[in-house]
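Comments concern the structure below.
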Amino acid sequence: MDRLARRLLASLVAALVVPLSPALHAQEAGEKAPPSQSALDADLFYQLLLGELNAREGEPSAGFALILDAARRTGDPALYQRAVEIAFQNRSGDAALQAARAWKKAEPQSREANRYVLQILLALNRIGETGDALKGEIALADPKDRPAVIAAIPRSYSRAADKKQAATVVEQALADYTGNSATGVAAWTAIGRVRLAAGDAAGALDAARRGQAVNDRSEGPVVLALELMDAKAPQAEEVVKKYLEGKPIPEIRMGYARALLDEQRYGEALAQLKVITAERPDFAEAWLVQGSLLAQDNQLAPAEAAVKKYIDLAETLRSGEERSRGLAQAYLVLSQIAEKRGDLKAASAWLDKVENSQDLVAAQNRRASILARQGKMDEALKLIQAIPERNPGDERMKVMAEVNLLRDHRQFKAAYELLSKEAAKDPDDTDLVYEQAMLADKLGNPAEMERLLRQIIASKPDYHHAYNALGYSFAERGERLPEAKQLIEKALQFAPGDPFISDSLGWVEFRMGNKPEALRILENAYKSRPDPEIAAHLGEVLWSMGQRDRAQVVWREGLLLASDNETLLETLKRLKVKP
């Protein structure tokens, strides 16, 4: 045996022996070794070695079977966990679930084993089967940790495809905990959250009220009520007001002020902010929002004082993105105040304090997005347009901010027209022309899209995005497929191995009827970059080849990655599939 082979064997021995050797450590400490961990005989060693070699050398199914069998024979949790890992590496959710359930059966009181079962079922989107595991997760938790465990449940079910089923499962699991003084608040809040996720605002409000009835000083039901106010459930405000009658934490009152702002109840919001700054003068955020509202109301002197107070407080805080954005917003408000006073020099000086244009654009983008959601698109656009331009690239940054805002709210025509004007100023800006082409596609104008993409290819022959986009558009429409393939292969020459371009190639192969080749390409692309759009294409190829169980697994994984992906949702709707 050569030196390299010996090293490999030694490393495998170490990897296999360590999880199975608590007996050695126990003997060194003078303790009695656990009997179930005492026998790593030659047969077992060889089985584990063979399992690991299979798992690492391209035969993961065989490796999984060997490791799982060893886990059952020894009862070793590390081996059960290893079997699950091998199954996941082989992208076999069902095998992972088999190993986790075997582990749970061997160790019924193991919270870790139970948690694996629950997490795998959630990942596979088999929500209806999670009830027992969820009950186990709660029951096996330390009583002092149980409220926190319950509070985390809605997040665990947030990616469930069937939100109503998830709400039903969670409610059934928590039925025994809602009447308990120690867990009642957490249980009702969790129930309210899953109801809200399922679109049941009335049920969520009822849960918030019941949670508050258990303990009217608890924040959980109130935070839920604030979210319901955002969801336009005005009765939820009663829950918030009841909590505010006591001694609330400032974060809750701040959340209430923001909810009032969203409803354009500026006077009431300002009153809440003044309470916060009176009770907690060190609560920086309240000063900034208060100053912004006062400036909007032309109360310039108190507005200036409030914003400067925020700056004094913010400069003592730890640096970070939130602090940077807050200071940028503060300087912008002070600039606006100076401008209203006619002091343009001071207005410019405040803007000069903003560290970079991106902070300024980001701050205004956030405000503009809120306005757009309120149906005030004109005001939102004016907000972005008012951002000063101090560098050559600032104008372009502002235009792209406007375009993104319009596109995010599906105003594709307005976004396209704006981009057209900007691109006309600099026809060599390929990024702008490319974005214009993508919007032409959104507008259902493939001829214009093709014209723009060919313009890019002519001016910048190595711009691989253009080749890929044009080829994919042909494939998507089932047109000029040989040319589509040539374009996508050209893109791959400039970006070898790019999973998204490979996805386009796999899709055109599928459209050309080359299903086995399409499957090979798409599987490699998805393995390289799990992405919902690639999942949509791979699942459709599998579906068309009769591998419908695998297709549904891939689609479920895609939904976990992005439940709102348009391509994936359109595919499922067209094929009439609910994975």
Exercise. Modelled with pLDDT of 70 or more and of a type in the set (Lys, Arg) - does that describe any residue in region 358-371?
Worked result: no
Exercise. Within region 28-52, which residues are open to solvent by 60 Å² or more (accessible area, probe 1.4 Å) and at pLDDT 80 or above?
Worked result: Ala42, Asp43, Tyr46, Leu50
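Table: residues versus (1) among the basic types (Lys, Arg); (2) in contact with a Lys or Arg (Cβ under 8 Å, 6 or more places away or on another chain); (3) in a helix (DSSP H, G or I).
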residue	(1), (2), (3)
Leu405	no, no, yes
Lys413	yes, no, yes
Leu418	no, no, yes
Ala424	no, no, yes
Glu435	no, no, yes
Gly444	no, no, no
Glu448	no, no, yes
Ala458	no, no, yes
Exercise. If you check every pair at least six apart or on different chains, which have Cβ atoms under 7 Å apart with a residue in region 108-130 that is more than 19 Å from Asp76 (Cβ to Cβ) and in a helix (DSSP H, G or I) first and a residue that is open to solvent by 60 Å² or more (accessible area, probe 1.4 Å) and not acidic (Asp, Glu) second?
Worked result: Leu122/Ser156; Ile127/Gln165; Gly128/Gln165
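Looking at the structure I just gave you, is Ala133 surrounded by 20 or more Cβ atoms within 10 Å (Cβ to Cβ) and closer than 30 Å to Gly75 by Cα?
Numbers: surrounded by 20 or more Cβ atoms within 10 Å (Cβ to Cβ): yes; closer than 30 Å to Gly75 by Cα: yes.
For Ala133, the condition - surrounded by 20 or more Cβ atoms within 10 Å (Cβ to Cβ) and closer than 30 Å to Gly75 by Cα - is met.
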Exercise. Failed condition for Arg341, given (1) at pLDDT below 90; (2) surrounded by 14 or more Cβ atoms within 10 Å (Cβ to Cβ), with all others met?
Worked result: (2)
For this session: Being open to solvent by 60 Å² or more (accessible area, probe 1.4 Å) and under 15 Å from Leu519 (Cα atoms) is the filter here, so list the residues in region 550-579 that pass it.
Result: Arg550
For this session: Among the residues of region 412-447, count how many are at pLDDT 90 or above, among the polar types (S, T, N, Q) and crowded, with 17+ Cβ neighbours inside 10 Å.
Result: 1
For this session: Determine, yes or no, whether Ile153 is more than 15 Å from Leu196 (Cα to Cα), out of contact with any strand residue (DSSP E or B) (no Cβ under 6 Å at 6 or more places or on another chain), open to solvent by less than 20 Å² (accessible area, probe 1.4 Å) and touching a residue at least 40 places away in the same chain (Cβ under 8 Å).
Result: no
Exercise. Is at least one residue of region 478-491 open to solvent by less than 50 Å² (accessible area, probe 1.4 Å) and touching a His at 6+ places or on another chain (Cβ under 9 Å)?
Worked result: yes
Problem set entry | Count - residues of region 251-267 that are modelled with pLDDT of 90 or more and either of a type in the set (Ser, Thr, Tyr) or open to solvent by 20 Å² or more (accessible area, probe 1.4 Å) (or both) | 5
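The values are calculated or read from the model by the stated rules, or taken from the named source; none is laboratory data. Because the structure is a prediction, the values reported are computed rather than measured. Every residue, glycine as well, gets a Cβ built from its backbone with ideal geometry; the counts of neighbours run over all protein chains shown. Each accessible area value is taken on the protein alone, full model and side chains, heavy atoms only, with ligands, DNA and RNA left out. Shrake-Rupley method; radii C 1.70, N 1.55, O 1.52, S 1.80 Å.
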